[in-house]
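Inspection log for the structure reproduced underneath, given as structure tokens.
The values are calculated or read from the model by the stated rules, or taken from the named source; none is laboratory data. These numbers come from a predicted model, not from an experiment. Every residue, glycine as well, gets a Cβ built from its backbone with ideal geometry; the counts of neighbours run over all protein chains shown. Remember, those area values only see protein heavy atoms, side chains included, never the ligands or the DNA or RNA. Shrake-Rupley method; radii C 1.70, N 1.55, O 1.52, S 1.80 Å.
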Amino acid sequence: MYDSYAGLIFDMDGTILDTEPTHRKAWHDVLARHGLHFDERSVIGLNGSPTWRIAEVIIASHQSTLDPFKLAEEKTVALKEMLFDTVRPLPLIEVVKAYKGRRPMAVGTGSEHAMAEALLQHLGLREYFDVIVGADDVTRHKPEPETFVRCAELMKVVPSRCVVFEDADFGIQAAQAAGMDYVDVRLL
């Protein structure tokens, strides 16, 4: 079905890996320590953003003086403690398996590079991807196109010949800004 593309790029969280419930639980646990909470719809709208950016929005909504980078680090620590026990591949991983060796493939994620590497390795899926670009590999995050453009560069594929698989509005905006086609996996 995707044979007309020269490269395939996959978001990670919520697209190929079922990490979203664990991300939400980590946020709930960490924010409770500070007497804060978050509106799930608002945070879901930020899917694809780096953790520190989500922390900034949560802090601003509470008019708190917490440091967003420290709060993001707390959340990342909490996430790491529980994620490896709960993460599972999503059905889209079958597309990844079908295109292994047929097209270059990348993960372009709002998660940190090391976390993406560790999760994919843990599930035995790292070998399927030629490239991983994480939030700490770029300076302008989704909805900016840098993540996906960098994936295309590293795969040595022209951006217009790539398709992006995404589950978040910011990611779809990033794919469009990169001049790439996209598949909104929420509609599959």
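With respect to (1) open to solvent by 70 Å² or more (accessible area, probe 1.4 Å); (2) within 18 Å of Asn47 (Cα to Cα), the lone exception for Met115 is condition (1). Filtering segment 118-134 for residues that are open to solvent by 10 Å² or more (accessible area, probe 1.4 Å) and either in the same structural domain as Val77 (by the TED database) or under 20 Å from Ile54 (Cα atoms) (or both) leaves an empty set. Looking only at residues of segment 150-172 that are without any contact (Cβ under 8 Å) to a residue 40 or more places away in the chain and farther than 19 Å from Asp137 by Cβ, we find that the one that is surrounded by the fewest Cβ atoms within 10 Å (Cβ to Cβ) is Ser160. For segment 49-68, the set of residues classified as in contact (Cβ under 8 Å) with a residue 40 or more places away in the chain and either over 19 Å from the mean Cα position of the chain (by Cα) or open to solvent by 20 Å² or more (accessible area, probe 1.4 Å) (or both) consists of Thr51, Arg53, listed by residue number.
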